[in-house]
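Participant: Have a look at this one before I ask anything.
The values are calculated or read from the model by the stated rules, or taken from the named source; none is laboratory data. All values reported here derive from a predicted model rather than from experimental measurement. Don't worry about glycine lacking a Cβ; one is built from the backbone with ideal geometry, like all the others, and counts go over all protein chains shown. The area values use the complete protein model at the heavy-atom level, side chains included, leaving out ligands, DNA and RNA. Shrake-Rupley method; radii C 1.70, N 1.55, O 1.52, S 1.80 Å.
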Amino acid sequence: MRVAELELDLEAFEGPFDLLLTLVLKEEIDLAEVDVAGIVLTFIETLLGRARSGAADEAERELGEGDLEACGEFLVLVSALLELKARLLFDDEAPELAELEPEEAAEELARRLVEYRRMKEASAWLASRLEQERDRYFRLGPAPLRPIGERPIVAQDAAALAAALRELATPPKVVSLAHMSLRYPPLEQFVERFRSLLGRRSRFDFEDELGDLSRVEQAIAFLALLELGRLGEIAISQAAPFAPIRVERKTKERSSVWTNARSA
Amino acid sequence: MDERPLRLITNSPLDLLARTVEALLVVASAPLAVDELAEAADDDAGRIDAALRLLAERYSEGRSGIVLEQVAGGYALRASREAAPACARLFERPAQRSLSQAALETLAIVAYLGPCSRPEITRIRGVAAEATVANLLERGLIAEAGRDDGPGGAIRYRVTPLFERVFGIANLAELPRLDDLGGDVEQIRERLHAVAEQRGA
(Lines give C-alpha, C1' and ligand atoms only; values in the text may rest on other atoms or scores of the structure.)
Protein backbone atom coordinates (compact mmCIF):
# COMPACT_ATOMS: atom_id res chain seq x y z
CA MET A 1 0.00 0.00 0.00
CA ARG A 2 1.32 3.40 -0.93
CA VAL A 3 0.35 6.46 1.05
CA ALA A 4 0.81 8.75 -1.96
CA GLU A 5 -1.90 6.84 -3.82
CA LEU A 6 -4.44 7.03 -1.02
CA GLU A 7 -7.68 8.12 -2.71
CA LEU A 8 -9.37 10.96 -0.84
CA ASP A 9 -12.94 12.21 -1.12
CA LEU A 10 -13.13 15.34 1.02
CA GLU A 11 -15.32 18.41 0.88
CA ALA A 12 -12.48 20.56 -0.47
CA PHE A 13 -10.58 17.96 -2.48
CA GLU A 14 -11.05 14.71 -4.35
CA GLY A 15 -8.08 12.70 -5.60
CA PRO A 16 -4.85 11.04 -4.48
CA PHE A 17 -3.07 12.17 -1.32
CA ASP A 18 0.17 13.19 -3.04
CA LEU A 19 -1.74 15.55 -5.37
CA LEU A 20 -3.34 17.17 -2.34
CA LEU A 21 0.09 17.65 -0.78
CA THR A 22 1.43 19.18 -3.99
CA LEU A 23 -1.52 21.55 -4.27
CA VAL A 24 -1.21 22.57 -0.62
CA LEU A 25 2.52 23.25 -0.96
CA LYS A 26 1.88 25.27 -4.12
CA GLU A 27 -0.80 27.11 -2.15
CA GLU A 28 -3.40 26.25 -4.76
CA ILE A 29 -5.62 24.76 -2.05
CA ASP A 30 -6.24 26.63 1.17
CA LEU A 31 -5.17 24.26 3.91
CA ALA A 32 -7.78 25.81 6.19
CA GLU A 33 -10.43 24.23 3.93
CA VAL A 34 -8.93 20.75 4.17
CA ASP A 35 -10.48 18.32 6.62
CA VAL A 36 -7.39 16.55 8.00
CA ALA A 37 -9.50 14.25 10.20
CA GLY A 38 -11.19 13.10 6.99
CA ILE A 39 -7.79 12.10 5.57
CA VAL A 40 -6.96 10.12 8.70
CA LEU A 41 -10.34 8.35 8.56
CA THR A 42 -9.86 7.46 4.91
CA PHE A 43 -6.42 6.05 5.68
CA ILE A 44 -7.70 3.93 8.56
CA GLU A 45 -10.64 2.68 6.52
CA THR A 46 -8.31 1.72 3.69
CA LEU A 47 -6.06 -0.15 6.15
CA LEU A 48 -9.02 -2.00 7.67
CA GLY A 49 -10.37 -2.84 4.24
CA ARG A 50 -7.04 -4.38 3.29
CA ALA A 51 -6.75 -6.34 6.52
CA ARG A 52 -10.20 -7.83 5.95
CA SER A 53 -9.51 -8.83 2.37
CA GLY A 54 -6.10 -10.38 3.24
CA ALA A 55 -6.19 -14.10 2.42
CA ALA A 56 -3.17 -16.36 3.04
CA ASP A 57 -1.34 -16.07 6.37
CA GLU A 58 2.03 -15.39 4.87
CA ALA A 59 0.74 -12.83 2.44
CA GLU A 60 -1.02 -11.14 5.31
CA ARG A 61 2.14 -10.85 7.34
CA GLU A 62 3.98 -9.32 4.42
CA LEU A 63 1.14 -6.91 3.95
CA GLY A 64 1.38 -6.06 7.65
CA GLU A 65 5.02 -5.10 7.35
CA GLY A 66 4.31 -3.01 4.27
CA ASP A 67 1.46 -1.33 6.08
CA LEU A 68 3.72 -0.53 9.02
CA GLU A 69 5.94 1.42 6.69
CA ALA A 70 2.93 3.11 5.15
CA CYS A 71 1.69 4.02 8.63
CA GLY A 72 5.01 5.65 9.47
CA GLU A 73 5.06 7.59 6.24
CA PHE A 74 1.46 8.61 6.74
CA LEU A 75 2.08 9.79 10.31
CA VAL A 76 4.94 12.00 9.20
CA LEU A 77 2.94 13.52 6.35
CA VAL A 78 -0.22 14.07 8.32
CA SER A 79 1.58 15.57 11.31
CA ALA A 80 3.36 17.96 8.94
CA LEU A 81 0.02 18.89 7.41
CA LEU A 82 -1.49 19.40 10.84
CA GLU A 83 1.37 21.59 11.98
CA LEU A 84 1.08 23.70 8.83
CA LYS A 85 -2.64 24.03 9.34
CA ALA A 86 -2.30 24.85 13.02
CA ARG A 87 0.13 27.63 12.17
CA LEU A 88 -2.29 28.98 9.62
CA LEU A 89 -5.24 28.90 11.96
CA PHE A 90 -3.54 30.09 15.13
CA ASP A 91 -1.21 32.63 13.70
CA ASP A 92 -0.87 34.89 16.70
CA GLU A 93 -1.36 32.11 19.24
CA ALA A 94 1.49 30.02 17.86
CA PRO A 95 4.29 31.46 20.02
CA GLU A 96 2.17 31.03 23.15
CA LEU A 97 1.41 27.41 22.31
CA ALA A 98 5.07 26.70 21.62
CA GLU A 99 5.98 27.92 25.09
CA LEU A 100 3.53 25.58 26.82
CA GLU A 101 4.72 22.62 28.86
CA PRO A 102 3.58 19.23 27.55
CA GLU A 103 0.90 18.97 30.29
CA GLU A 104 -0.40 22.43 29.56
CA ALA A 105 -0.39 21.74 25.84
CA ALA A 106 -2.31 18.53 26.46
CA GLU A 107 -4.83 20.42 28.58
CA GLU A 108 -5.20 23.09 25.91
CA LEU A 109 -5.65 20.45 23.22
CA ALA A 110 -8.14 18.58 25.42
CA ARG A 111 -10.07 21.79 25.98
CA ARG A 112 -10.35 22.37 22.25
CA LEU A 113 -11.25 18.78 21.50
CA VAL A 114 -13.93 18.84 24.17
CA GLU A 115 -15.30 22.08 22.78
CA TYR A 116 -15.50 20.63 19.29
CA ARG A 117 -16.87 17.31 20.54
CA ARG A 118 -19.73 19.07 22.28
CA MET A 119 -20.57 21.12 19.21
CA LYS A 120 -20.50 17.99 17.11
CA GLU A 121 -22.99 16.30 19.42
CA ALA A 122 -25.10 19.43 19.51
CA SER A 123 -25.19 19.36 15.72
CA ALA A 124 -26.29 15.72 15.85
CA TRP A 125 -29.10 16.75 18.19
CA LEU A 126 -30.09 19.51 15.78
CA ALA A 127 -30.05 17.05 12.88
CA SER A 128 -32.40 14.64 14.65
CA ARG A 129 -34.62 17.52 15.72
CA LEU A 130 -34.79 18.71 12.14
CA GLU A 131 -35.83 15.23 11.07
CA GLN A 132 -38.57 15.07 13.74
CA GLU A 133 -39.87 18.48 12.76
CA ARG A 134 -39.79 17.96 9.03
CA ASP A 135 -43.59 18.09 8.73
CA ARG A 136 -43.98 21.49 10.34
CA TYR A 137 -45.41 24.01 7.92
CA PHE A 138 -45.86 27.63 8.84
CA ARG A 139 -46.23 30.98 7.21
CA LEU A 140 -43.02 32.74 6.35
CA GLY A 141 -42.60 36.34 5.42
CA PRO A 142 -41.70 39.75 6.66
CA ALA A 143 -43.64 40.52 9.81
CA PRO A 144 -46.19 43.23 9.03
CA LEU A 145 -45.53 44.87 12.37
CA ARG A 146 -45.41 48.52 13.18
CA PRO A 147 -41.89 49.44 14.29
CA ILE A 148 -41.91 49.47 18.07
CA GLY A 149 -40.94 52.61 19.96
CA GLU A 150 -40.62 56.12 18.62
CA ARG A 151 -37.28 57.54 17.76
CA PRO A 152 -36.65 60.76 19.66
CA ILE A 153 -35.28 63.50 17.45
CA VAL A 154 -31.89 64.93 18.39
CA ALA A 155 -32.14 68.43 19.91
CA GLN A 156 -32.37 70.94 17.05
CA ASP A 157 -30.89 74.42 16.72
CA ALA A 158 -33.26 77.02 15.22
CA ALA A 159 -30.36 79.20 14.08
CA ALA A 160 -28.84 76.28 12.15
CA LEU A 161 -32.18 75.68 10.41
CA ALA A 162 -32.45 79.39 9.55
CA ALA A 163 -28.93 79.37 8.13
CA ALA A 164 -29.71 76.30 6.04
CA LEU A 165 -32.93 77.92 4.74
CA ARG A 166 -31.13 81.15 3.97
CA GLU A 167 -28.61 79.26 1.93
CA LEU A 168 -31.42 77.53 0.04
CA ALA A 169 -33.15 80.88 -0.65
CA THR A 170 -30.04 82.52 -2.09
CA PRO A 171 -29.80 82.18 -5.86
CA PRO A 172 -26.76 80.13 -6.76
CA LYS A 173 -23.72 81.78 -8.32
CA VAL A 174 -23.78 81.91 -12.10
CA VAL A 175 -21.28 79.44 -13.38
CA SER A 176 -19.07 80.77 -16.14
CA LEU A 177 -19.43 78.86 -19.37
CA ALA A 178 -16.87 81.05 -21.15
CA HIS A 179 -14.48 78.16 -21.66
CA MET A 180 -17.09 76.30 -23.68
CA SER A 181 -17.24 78.95 -26.36
CA LEU A 182 -13.48 79.32 -26.54
CA ARG A 183 -12.40 79.86 -30.14
CA TYR A 184 -8.93 79.36 -31.47
CA PRO A 185 -7.38 78.84 -34.88
CA PRO A 186 -6.62 75.25 -35.87
CA LEU A 187 -3.14 73.88 -35.28
CA GLU A 188 -2.59 73.34 -39.02
CA GLN A 189 -2.87 77.05 -39.64
CA PHE A 190 0.17 77.71 -37.45
CA VAL A 191 2.06 74.77 -38.94
CA GLU A 192 1.58 76.29 -42.42
CA ARG A 193 2.45 79.76 -41.11
CA PHE A 194 5.74 78.53 -39.62
CA ARG A 195 6.60 76.55 -42.72
CA SER A 196 6.18 79.57 -44.98
CA LEU A 197 8.07 81.74 -42.47
CA LEU A 198 10.99 79.32 -42.47
CA GLY A 199 10.82 79.22 -46.26
CA ARG A 200 11.81 82.85 -46.21
CA ARG A 201 14.12 82.90 -43.19
CA SER A 202 16.28 80.23 -41.65
CA ARG A 203 15.40 81.14 -38.03
CA PHE A 204 13.08 83.30 -35.91
CA ASP A 205 12.25 83.97 -32.28
CA PHE A 206 8.89 82.70 -31.07
CA GLU A 207 8.06 85.83 -29.04
CA ASP A 208 8.89 88.22 -31.89
CA GLU A 209 6.50 86.53 -34.27
CA LEU A 210 3.64 85.71 -31.93
CA GLY A 211 4.00 88.07 -28.97
CA ASP A 212 0.84 89.96 -29.91
CA LEU A 213 -1.44 86.88 -29.96
CA SER A 214 -3.76 85.84 -27.08
CA ARG A 215 -2.55 83.26 -24.55
CA VAL A 216 -4.69 80.50 -26.06
CA GLU A 217 -3.43 81.26 -29.56
CA GLN A 218 0.15 81.29 -28.29
CA ALA A 219 -0.41 77.89 -26.71
CA ILE A 220 -1.73 76.49 -30.01
CA ALA A 221 1.19 78.05 -31.85
CA PHE A 222 3.59 76.39 -29.44
CA LEU A 223 1.90 73.04 -30.02
CA ALA A 224 2.36 73.61 -33.76
CA LEU A 225 6.09 74.19 -33.10
CA LEU A 226 6.31 70.93 -31.17
CA GLU A 227 4.56 69.16 -34.04
CA LEU A 228 7.08 70.55 -36.54
CA GLY A 229 9.87 69.53 -34.18
CA ARG A 230 8.47 66.04 -34.07
CA LEU A 231 8.39 65.90 -37.85
CA GLY A 232 12.07 66.87 -37.82
CA GLU A 233 11.54 70.07 -39.84
CA ILE A 234 12.81 72.48 -37.20
CA ALA A 235 15.12 72.69 -34.22
CA ILE A 236 13.93 74.49 -31.11
CA SER A 237 16.37 75.95 -28.61
CA GLN A 238 16.37 78.20 -25.61
CA ALA A 239 19.54 79.61 -24.05
CA ALA A 240 18.18 79.68 -20.52
CA PRO A 241 14.81 79.31 -18.77
CA PHE A 242 12.51 82.18 -19.80
CA ALA A 243 14.96 83.25 -22.51
CA PRO A 244 13.53 83.75 -26.02
CA ILE A 245 12.64 80.52 -27.80
CA ARG A 246 14.69 80.23 -30.98
CA VAL A 247 13.27 78.30 -33.91
CA GLU A 248 15.61 77.16 -36.71
CA ARG A 249 14.99 75.44 -40.00
CA LYS A 250 16.73 72.10 -40.13
CA THR A 251 18.98 71.64 -43.14
CA LYS A 252 17.49 69.02 -45.39
CA GLU A 253 20.81 68.31 -47.10
CA ARG A 254 21.31 65.02 -45.43
CA SER A 255 17.97 63.57 -46.36
CA SER A 256 18.16 64.94 -49.90
CA VAL A 257 21.62 63.40 -50.31
CA TRP A 258 20.22 60.13 -49.16
CA THR A 259 17.24 60.44 -51.51
CA ASN A 260 19.56 61.30 -54.40
CA ALA A 261 21.73 58.36 -53.65
CA ARG A 262 18.77 56.10 -53.81
CA SER A 263 17.33 57.50 -56.96
CA ALA A 264 20.71 57.43 -58.65
CA MET B 1 -79.98 30.29 10.90
CA ASP B 2 -77.39 29.71 13.56
CA GLU B 3 -75.87 33.09 14.31
CA ARG B 4 -73.28 31.86 16.79
CA PRO B 5 -69.59 32.43 16.07
CA LEU B 6 -67.88 29.33 14.73
CA ARG B 7 -65.24 28.66 17.31
CA LEU B 8 -65.71 30.80 20.36
CA ILE B 9 -69.24 30.32 21.39
CA THR B 10 -69.71 32.50 24.44
CA ASN B 11 -69.37 36.24 24.58
CA SER B 12 -67.51 36.46 27.89
CA PRO B 13 -64.78 39.16 27.99
CA LEU B 14 -62.07 36.47 27.87
CA ASP B 15 -63.64 34.96 24.75
CA LEU B 16 -63.69 38.37 23.12
CA LEU B 17 -60.01 38.80 23.95
CA ALA B 18 -59.26 35.31 22.62
CA ARG B 19 -60.88 36.28 19.31
CA THR B 20 -58.67 39.35 19.10
CA VAL B 21 -55.55 37.30 19.86
CA GLU B 22 -56.66 34.75 17.27
CA ALA B 23 -56.94 37.53 14.69
CA LEU B 24 -53.50 38.92 15.58
CA LEU B 25 -51.91 35.49 15.20
CA VAL B 26 -53.52 35.01 11.79
CA VAL B 27 -52.27 38.37 10.56
CA ALA B 28 -48.71 37.99 11.86
CA SER B 29 -46.22 36.00 9.81
CA ALA B 30 -43.74 35.72 12.70
CA PRO B 31 -44.28 34.46 16.25
CA LEU B 32 -45.74 37.09 18.60
CA ALA B 33 -44.57 37.40 22.20
CA VAL B 34 -47.11 37.81 25.00
CA ASP B 35 -45.98 41.42 25.45
CA GLU B 36 -46.57 42.17 21.79
CA LEU B 37 -50.01 40.58 21.92
CA ALA B 38 -50.84 42.53 25.08
CA GLU B 39 -49.79 45.81 23.52
CA ALA B 40 -51.72 45.18 20.29
CA ALA B 41 -54.84 43.94 22.11
CA ASP B 42 -54.52 46.71 24.67
CA ASP B 43 -54.95 44.28 27.53
CA ASP B 44 -52.75 42.91 30.31
CA ALA B 45 -50.33 40.02 29.89
CA GLY B 46 -52.03 37.78 32.44
CA ARG B 47 -55.31 37.85 30.53
CA ILE B 48 -53.48 37.30 27.24
CA ASP B 49 -51.98 34.15 28.77
CA ALA B 50 -55.44 32.95 29.70
CA ALA B 51 -56.76 33.70 26.21
CA LEU B 52 -53.80 31.81 24.70
CA ARG B 53 -54.61 28.78 26.83
CA LEU B 54 -58.15 28.88 25.55
CA LEU B 55 -56.94 29.07 21.97
CA ALA B 56 -54.31 26.36 22.47
CA GLU B 57 -57.06 23.99 23.48
CA ARG B 58 -59.04 24.68 20.35
CA TYR B 59 -56.08 24.82 17.97
CA SER B 60 -54.41 21.56 18.86
CA GLU B 61 -53.29 18.50 16.91
CA GLY B 62 -56.22 16.26 16.06
CA ARG B 63 -58.80 18.97 16.68
CA SER B 64 -57.96 21.52 14.05
CA GLY B 65 -56.02 21.93 10.81
CA ILE B 66 -54.33 24.88 12.44
CA VAL B 67 -52.19 24.38 15.53
CA LEU B 68 -51.19 27.06 18.02
CA GLU B 69 -47.63 26.55 19.21
CA GLN B 70 -45.19 28.26 21.49
CA VAL B 71 -42.10 28.81 19.39
CA ALA B 72 -39.18 31.20 18.97
CA GLY B 73 -40.02 33.19 22.08
CA GLY B 74 -43.65 33.71 21.14
CA TYR B 75 -46.84 32.17 19.83
CA ALA B 76 -47.62 31.29 16.24
CA LEU B 77 -50.03 29.27 14.15
CA ARG B 78 -48.85 26.47 11.92
CA ALA B 79 -50.40 23.70 9.87
CA SER B 80 -51.27 20.50 11.70
CA ARG B 81 -49.04 17.50 11.10
CA GLU B 82 -51.95 15.68 9.48
CA ALA B 83 -51.94 18.32 6.78
CA ALA B 84 -48.18 18.08 6.20
CA PRO B 85 -48.40 15.85 3.09
CA ALA B 86 -50.90 18.24 1.50
CA CYS B 87 -48.69 21.21 2.42
CA ALA B 88 -45.72 19.41 0.92
CA ARG B 89 -47.62 19.07 -2.37
CA LEU B 90 -48.44 22.77 -2.36
CA PHE B 91 -45.01 24.10 -1.39
CA GLU B 92 -41.47 23.42 -2.39
CA ARG B 93 -39.42 21.90 0.41
CA PRO B 94 -38.18 24.89 2.41
CA ALA B 95 -34.48 25.61 1.91
CA GLN B 96 -33.97 25.68 5.67
CA ARG B 97 -34.70 22.00 6.01
CA SER B 98 -31.75 20.44 4.18
CA LEU B 99 -28.53 21.30 5.99
CA SER B 100 -25.07 19.80 5.53
CA GLN B 101 -23.03 18.49 8.45
CA ALA B 102 -20.83 21.60 8.26
CA ALA B 103 -23.91 23.84 8.35
CA LEU B 104 -25.35 21.99 11.37
CA GLU B 105 -22.08 22.22 13.30
CA THR B 106 -21.78 25.92 12.54
CA LEU B 107 -25.39 26.42 13.54
CA ALA B 108 -24.78 24.58 16.83
CA ILE B 109 -21.78 26.80 17.59
CA VAL B 110 -23.73 29.99 16.87
CA ALA B 111 -26.76 28.75 18.83
CA TYR B 112 -24.70 27.91 21.93
CA LEU B 113 -21.96 30.52 21.85
CA GLY B 114 -23.64 33.33 19.89
CA PRO B 115 -23.17 36.09 19.34
CA CYS B 116 -19.88 34.75 18.01
CA SER B 117 -17.64 35.62 15.10
CA ARG B 118 -16.42 33.65 12.11
CA PRO B 119 -12.86 33.33 13.51
CA GLU B 120 -14.36 31.69 16.62
CA ILE B 121 -16.32 29.23 14.49
CA THR B 122 -13.19 28.48 12.46
CA ARG B 123 -11.19 27.94 15.65
CA ILE B 124 -13.66 25.42 17.03
CA ARG B 125 -14.34 23.51 13.83
CA GLY B 126 -10.76 23.71 12.52
CA VAL B 127 -12.09 24.41 9.03
CA ALA B 128 -12.68 27.77 7.35
CA ALA B 129 -16.27 28.86 7.95
CA GLU B 130 -16.74 31.50 5.27
CA ALA B 131 -18.95 29.56 2.85
CA THR B 132 -21.02 27.90 5.58
CA VAL B 133 -21.72 31.18 7.34
CA ALA B 134 -22.73 32.83 4.06
CA ASN B 135 -25.05 29.89 3.35
CA LEU B 136 -26.73 30.08 6.77
CA LEU B 137 -27.11 33.85 6.42
CA GLU B 138 -28.80 33.37 3.06
CA ARG B 139 -31.20 30.83 4.53
CA GLY B 140 -32.04 33.29 7.29
CA LEU B 141 -31.05 30.90 10.08
CA ILE B 142 -28.37 33.22 11.44
CA ALA B 143 -28.06 37.01 11.36
CA GLU B 144 -25.43 39.61 12.09
CA ALA B 145 -25.30 40.78 15.70
CA GLY B 146 -22.74 43.54 16.12
CA ARG B 147 -18.97 43.27 16.02
CA ASP B 148 -16.21 41.91 18.23
CA ASP B 149 -14.55 44.41 20.53
CA GLY B 150 -10.96 45.28 19.81
CA PRO B 151 -9.12 46.12 16.62
CA GLY B 152 -10.60 44.97 13.34
CA GLY B 153 -13.72 43.73 15.19
CA ALA B 154 -15.07 40.72 13.27
CA ILE B 155 -18.81 40.56 12.59
CA ARG B 156 -20.69 38.46 15.15
CA TYR B 157 -23.61 36.20 14.40
CA ARG B 158 -26.58 34.87 16.33
CA VAL B 159 -29.37 32.47 15.42
CA THR B 160 -32.67 33.98 14.23
CA PRO B 161 -36.26 33.34 15.34
CA LEU B 162 -36.59 31.41 12.07
CA PHE B 163 -33.96 28.98 13.40
CA GLU B 164 -36.10 28.32 16.46
CA ARG B 165 -39.19 27.95 14.30
CA VAL B 166 -37.60 25.52 11.86
CA PHE B 167 -36.29 23.39 14.72
CA GLY B 168 -39.53 23.79 16.68
CA ILE B 169 -38.01 25.12 19.89
CA ALA B 170 -39.65 27.71 22.12
CA ASN B 171 -36.33 29.32 23.05
CA LEU B 172 -32.62 28.54 23.14
CA ALA B 173 -32.89 27.24 26.71
CA GLU B 174 -34.59 24.19 25.20
CA LEU B 175 -31.33 23.09 23.61
CA PRO B 176 -29.62 20.25 25.50
CA ARG B 177 -27.21 21.53 28.13
CA LEU B 178 -23.66 21.80 26.80
CA ASP B 179 -22.33 20.01 29.89
CA ASP B 180 -24.48 17.00 29.06
CA LEU B 181 -22.91 16.68 25.63
CA GLY B 182 -19.56 15.08 24.79
CA GLY B 183 -19.82 11.95 26.95
CA ASP B 184 -16.34 10.53 26.28
CA VAL B 185 -14.69 13.85 26.96
CA GLU B 186 -12.93 12.68 30.13
CA GLN B 187 -11.44 9.72 28.31
CA ILE B 188 -9.89 11.99 25.71
CA ARG B 189 -8.48 14.22 28.42
CA GLU B 190 -6.93 11.29 30.29
CA ARG B 191 -5.35 9.88 27.16
CA LEU B 192 -3.86 13.24 26.22
CA HIS B 193 -2.41 13.72 29.69
CA ALA B 194 -0.88 10.25 29.58
CA VAL B 195 0.86 11.16 26.32
CA ALA B 196 2.02 14.44 27.81
CA GLU B 197 3.52 12.70 30.84
CA GLN B 198 5.47 10.37 28.58
CA ARG B 199 6.80 13.27 26.58
CA GLY B 200 7.55 15.33 29.65
CA ALA B 201 9.47 12.49 31.32
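Participant: What does the net charge come to around B:Val127 if you take all other residues with beta carbon closer than 11 Å to its beta carbon, with K and R at +1 and D and E at -1?
Facilitator: Local net charge: -3.
Participant: Please sort through the DSSP H helices of chain B and keep those with an alpha-carbon extent of at least 15 Å along the long axis and a Kyte-Doolittle average not below 0.5.
Facilitator: Taking the DSSP H segments of chain B (at least 15 Å long, mean hydropathy at least 0.5), we get B:13-27, B:101-113.
Participant: While we're here: For the interface of chains A and B, what total accessible area is buried with a 1.4 Å probe, rounded to the nearest 100 Å²?
Facilitator: Roughly 5000 Å².
Participant: Tell me, what % of the accessible area of chain B is carbon and sulfur with a 1.4 angstrom probe?
Facilitator: For chain B, the apolar C and S fraction of the accessible surface comes to 52 percent.
Participant: Quick check: net charge around A:Phe190, other residues with Cβ under 12 Å of its Cβ, Lys/Arg +1 and Asp/Glu -1?
Facilitator: On the way: positive: A:Arg193, A:Arg195; negative: A:Glu188, A:Glu192, A:Glu209, A:Glu217, A:Glu227.
Net local charge, A:Phe190 excluded: -3.
Participant: Under the definition of partner shielding as Cβ atoms of other protein chains within 10 Å of a residue Cβ, what is the mean value for peptide B:100-109?
Facilitator: Partner-chain Cβ atoms within 10 Å, mean over residues of B:100-109: 5.
Participant: Just to be sure I understand: with springs between alpha-carbon atoms less than 10 Å apart, which residue in B:Gln70, B:Gln187, B:Gln101 has the highest mean-square fluctuation in the Gaussian network model of chain B?
Facilitator: Of B:Gln70, B:Gln187, B:Gln101, the Gaussian network model singles out B:Gln187 as fluctuating most.
Participant: In what sequence, highest mean first, do B:117-129, B:51-63, B:13-25 appear when ranked by Cβ atoms within 10 angstrom?
Facilitator: Ranked by mean Cβ neighbours within 10 Å, highest first: B:117-129, B:13-25, B:51-63.
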